[in-house]
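Read through the structure below, which is laid out as structure tokens, and then see the notes.
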Amino acid sequence: MSAHRFSAKSATRGAASIVLFLLLWELGSRSRQWIGADIFSPLREMLGALGFKKTYLPWVGAVPAPTEVLNAWLGVVADAGYWQSWYKSMFRVLAGFGAAMLIGIPFGLLLAVNRTAFGIGFPVFEVLRPIPPLAWVPASIIFWPTQEMSIAFVTFLGAFYTIVINVVGGAKSIDQRYFQAAQSMGSSKWDIFRRIILPGTLPSIMVGSAVGMGITWEVVVAAEMISGGGSQAGGTGGGGLGFFIWNSYVGGSYQQIVVGMISIGLAGFVSSELLRALGQYVTPWLRLR
Amino acid sequence: MNTPRTPTRGAIRIDDVVKIYDPGGAAVMAVDHCTLDIEAGEICMIVGPSGCGKTTLLNAIAGFHEISSGRITLDGEVLCSTDKPKAEPGSDRIVVFQNGALFPWKTNIENVAFGPIVQGKLARTEAVEKALSMMADAGLSGVEHNYPGEVSSGVRRRVEIVRALMNDPKVLLLDEPYRALDSLTKSVMHEALLEIYYKNKVTIFFITHDLEEAIFLGHKVAIMTTRPCKPKKILNVDIPHPRDYNVLTSKRFRELMEETNDAVHEEALKAFRAGEKEG
Amino acid sequence: MEPVKKALTPEVMLDIFKRTMPFQVVSDTMLRKIAALGWQAKHEQGAVLYDAGDKADDIYIIVSGKVEHALEPGVNARRPMQTLGPGDVFGWAALLNQYPSRLATAVCVEPTEIVRINGEELLRLFESDPDSGDVVMSRFATMITRDYTVPDLIAQLRTIHRKLHSGDIQGMNLTLYRLSLWARSPRPYLMLIGFALFLGFWYLAVEVWKLPRFREMPGITVVIKEWISKDPTYGLSLYTPEYYQHIGMSVWRVTQAFVLATLIGVPFGLFLGWSRQFKEYLFPLFEMLRPIPILAWVPLAIVMFVSTESAVIYLTFLASFYATALNTMLGVESIEESYLRAASCLGASKWQVFRHIIVPGSLPFIFTGLQISVGVAWFSLVAAEMVSGQYGLGYVINTSYTMVRYPTIVIGMITLGAVGYVTSAMVRIAGDYLMQWRVRELALGGR
């Protein structure tokens, strides 16, 4: 079984589901407006019996409708602060991820190449890994002088673990025969490192980056929500998209919450695509397969 | 002991079969008006360079691929034709795969008993009993309750063959089954296969690139051209069965090798050059 | 009639061994070592190889000829008299130290060529390579118990079988086996060095050298003292019931979310992988929602759910669900085409293929997904608890910060790490148990 080919028919099916989803969402959000009608009284009874409120559908009834969200979005797009939030979050994600790669890749390679380093470093790494990055936030805030740095540190941690694991895994899975071939052709240790280990781990790093990117976004958003976004608040600007969402919640404009959520989803998608393009540039040999 | 049946079933006729991949686009012809007759109970060896299209033929018989035109019949019944390009896979033609397809999560005995159980032909206890005795017949006692991953690849191959034979197929389709084995194991496998064949007399359609293997095992050896494939030369091996490894050094064997070596080598060179062009 | 002793060439020996059970199941390297122990003998027709009651020293393999093997009365066997031919192995009583004498009489009924191996040497060889040794011995055991019902004999076999190495390679015992191997390597000592470096640095930086920034952090001695104190300054230690309440709360939430995500995510993923139509309809929607970080859902979840408890579990569930469903789908898609084709050849219907091939075949990926799922569940749970919750380890960490109880922060973090690790290991062990076949394949290095 392999990946399915893209076709017009499959695209329409996918689109149909999305449209249906949006329709149901719209109807559900507006349930306050129609659930009062007489024909729905058995439905109301059932909701009541289950312990829910009878005035709107549970869960989806509390959520703003897609049309409202769209409306709010059109309003927000004009606000410069919104785009500043985009920029801030993107910057944090890419910077944090970049730092994680800068430190994580060499660290991972060291562990993979040197058995003693692995024996000393990996157990400590593995013991620290299950601690969720967000659990580090308070400690990070205590330690680092500025809020921006504490967010950056936690962001860095999130991606760091994934990258190291992928580098180590990738190095271990390099076919032994490549090493043997290189040695029989007289390569020095440095040569082997540069020409076999480094390129050999790149695919794993690229693949792992997708996961790492996702984690980085989670951490950035959470950190922005928890620590209040960093610089001066006020309007929608200054704090990044996570802060934007939190602020919208606190300020009671629920439509903007959803706007923020979708924005982050989009931003995440964009950054993943950027990363994938980078990956293809760096590992052209995989493409030809 | 099983008395060998006089083979009356399992005659395959491949009739002017053509297979073109991606007809609307690259239009790669894999099989070029191939016609071949395989008698009931015969071991027919298909020899040709890699990538020439022999597996396509096997897949067409098995029902995994469509043909573009032509006809394949089994004992007179049409398997696939221009009107009905894809055959139905079934337990009358069972494939033994190149890299092995024993289900790794089932023990050997569960694998072997799989066919009759899922088809509802035998109850579970009966199927297991039959499987035990067939495995014992094939010299596989002792590995019944192991998983395929625990035994050597030679043993795995034999278990896979027994799994196929449990279903009393008309034809066994073997796609380079011994390709990945070392030559010592291979010779053991050959004799094991012949032993099984003598007890069960199915038609065997065996793809290989090894000419020695082909002449040693087969009644008939069809040497195929490089892609697109069609029979270039058909050899009837007149060394009598039952055969054993002494055949390999017999005069007749050497003669047959000489007759056919050139033809095979020619096609191999063509394939190699074609590969260079494709780059 | 002295047997003619002859040592055969290694290649011919190898060839002979490859044809015989139980030897043919091991790797060539092992076979060569076994073959090196053997020597060939030729016997004439009528030669008595051994009598019942003789000392049992060698194992015999017939290369050519025929041997009649007659068991002495009193030995319960299914076939008291056998004629053995080329490729048959007999005389394995030599492998059972406590059974020093022959159970049968063996006579050549034709001129016969034999290969003999000394039993003690063979056992020593197996002890030096327990993996292969175990393989051969289990095969012997199966063969023998098929033919014989001597209770002592069987018990003997079990003793030998277990004596070969400490711990069977089966299911959960694989973990112990791994541990025992690992304990013998230099790794534990390096590990200790690593921890010593880390903890030492923590201690020195905070409490001794009082480096800038590090000064503010809780020191390791403070944390440990707090953790094991019966009356902790900040109210949370190994001795306080609240500690376990918080742990229990977090674990309970993760369990609920994880179970729900597995029950929904696995079938969903299976269908996504199995049915092209299903995937075409639902996968785009799934992929559209997935990039939204779980934590971006927090405010909306609070709005949607009346109780914060449900919101927290929903968030945790969502994270696990994505991981589980995606990995399950990948698992189905990773199943080799040849397995599906083989199944259709063998006459399996669509549902039978699903049950016998798709589900077991995707289990490895499913369990990887479940491990990831547990990991992200903890990740989301902690965040959710920090933002909106009562009780739970995330809540502890957050409130400890706001109430300036710094050592408790660290206690919370360490506890989180430990609990997270344990739950992940539990999933892995469950996977090892359900996928015996994979465990054994990996242990034997796969061939």
**OP:** Summarise the partner chain shielding of B:145-158 as one whole number: the mean count of Cβ atoms from other chains within 10 Å of each residue's Cβ.
**Re:** 5
Subject >> Spatially proximal aspartates and glutamates relative to A:Lys9 (Cα-Cα < 20 Å; intrachain offsets below 8 disregarded) >> reply: B:Asp22, C:Glu280, C:Glu287
Original post:
Ordered by residue, what ³J(HN,Hα) values in Hz, to whole numbers, does region C:262-267 give under the Karplus form 6.51 cos²θ - 1.76 cosθ + 1.60, where θ = phi - 60° and Gly and Pro are x?
Top reply: 5, 4, 8, x, 5, x
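Just checking the output field for A:256-263: average partner chain Cβ neighbours within 10 Å of each residue's Cβ?
Mean partner shielding for this stretch: 4.
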**OP:** Please report, in debye to the nearest 20, how large the charge dipole of region A:18-136 is about its Cα centre when each Lys and Arg carries +1 at its beta carbon and each Asp and Glu carries -1 there.
**Re:** 240
Original post:
Just going by the charge dipole of chain A, with Lys and Arg at +1 and Asp and Glu at -1 on Cβ, which of A:Leu134, A:Ile226, A:Gly75 is farthest out on the positive end?
Top reply: A:Leu134
Subject >> Point-to-point label distance, A:Tyr178-B:Lys84, nm (Cα→Cβ direction, 7 Å offset) >> reply: 5.0
Original post:
What dipole magnitude, in Debye to the nearest 20, does region A:1-72 give about its Cα centre under +1 on Lys/Arg Cβ and -1 on Asp/Glu Cβ?
Top reply: 220
**OP:** Give the peptides B:11-17, A:140-146 in descending order of average Cβ contacts within 10 Å, highest first.
**Re:** B:11-17, A:140-146
Original post:
Which whole number gives the average, over all residues in B:91-101, of C-beta atoms from other chains lying within 10 Å of the residue C-beta?
Top reply: 4
**OP:** Starting at the first residue of region B:220-229, write each ³J(HN,Hα) from the Karplus equation 6.51 cos²θ - 1.76 cosθ + 1.60 with θ = phi - 60°, in whole Hz, x for Gly and Pro.
**Re:** 10, 10, 9, 8, 9, 6, 6, 3, x, 9
Original post:
Between C:Ser380, A:Ser29, C:Pro241, whose Cα lies farthest towards the positive end of the dipole of the protein assembly as shown when Lys and Arg beta carbons carry +1 and Asp and Glu beta carbons carry -1, centred on the Cα centre?
Top reply: A:Ser29
**OP:** Please list the helices of chain A that count as membrane-span-like by this rule: a mean Kyte-Doolittle hydropathy of at least -0.5 together with Cα atoms stretching 27 Å or more along the helix axis, each helix being a complete DSSP H run.
**Re:** A:8-29, A:80-113, A:147-172, A:198-226, A:254-282
**OP:** Check the straight Cα-Cα distances from C:Lys210 and name the lysines below 21 Å, setting aside those fewer than 8 residues away within the same chain.
**Re:** C:Lys225
**OP:** List the residues whose amide H sits under 5 Å from the amide H of C:Tyr50, counting only those 5 or more places along or on another chain, with H placed 1.01 Å from N in the peptide plane.
**Re:** C:Ala106
Original post:
Picking from A:Pro138, A:Pro203, A:Pro64, which is most flexible by a Gaussian network model of chain A using Cα springs under 10 Å?
Top reply: A:Pro138
**OP:** Quick one: which residues, 5+ away or cross-chain, put their amide H under 5 Å from the amide H of B:Ile20? H built at 1.01 Å from N.
**Re:** B:Ala30, B:Ser68
**OP:** Note down the magnitude of the dipole of the protein assembly as shown about its Cα centre, charges +1 on Lys and Arg C-beta and -1 on Asp and Glu C-beta and zero elsewhere, to the nearest 20 debye.
**Re:** 1480
**OP:** Set the Förster distance to 25 Å, then compute FRET efficiency between B:Thr73 and B:Met29 from the Cβ-Cβ distance, nearest 0.05.
**Re:** 0.65
Subject >> Charge dipole of the protein assembly as shown about the Cα centre (unit charges at C-beta), most positive-ward option of A:Gln256, A:Ser41, C:Val115 >> reply: A:Gln256
Subject >> chain B: angle of helix B:108-118 to the longest principal axis, Cα-based, in degrees nearest 10 >> reply: 80
Original post:
Whole-Hz Karplus ³J(HN,Hα) for region C:44-58, in order, using 6.51 cos²θ - 1.76 cosθ + 1.60 and θ = phi - 60°, x for Gly and Pro?
Top reply: 8, 5, x, 5, 8, 6, 7, 10, 4, x, 5, 5, 9, 10, 10
**OP:** Within 10 Å, count the other beta carbons around each residue, average over each peptide in C:113-120, C:271-278, and list them highest first.
**Re:** C:113-120, C:271-278
Original post:
With each run of n ≥ 4 DSSP H residues scored as -39500 (n - 2.57), what mean residue ellipticity at 222 nm is computed for the protein assembly as shown after dividing by its residue count and rounding to the nearest 500 deg cm²/dmol?
Top reply: -18500 deg cm²/dmol
**OP:** Please work out the Cα center distance from region B:139-196 to region A:98-135, rounded to the nearest Å.
**Re:** 46
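Computed from the coordinates by the stated procedures, all read-outs in this text should not be read as laboratory data. Worth saying up front: this structure is predicted, and the values here are computed from it rather than measured. When we count neighbours, we look across all protein chains shown, and the Cβ atoms used for this are built from the backbone with ideal geometry, even at glycine.
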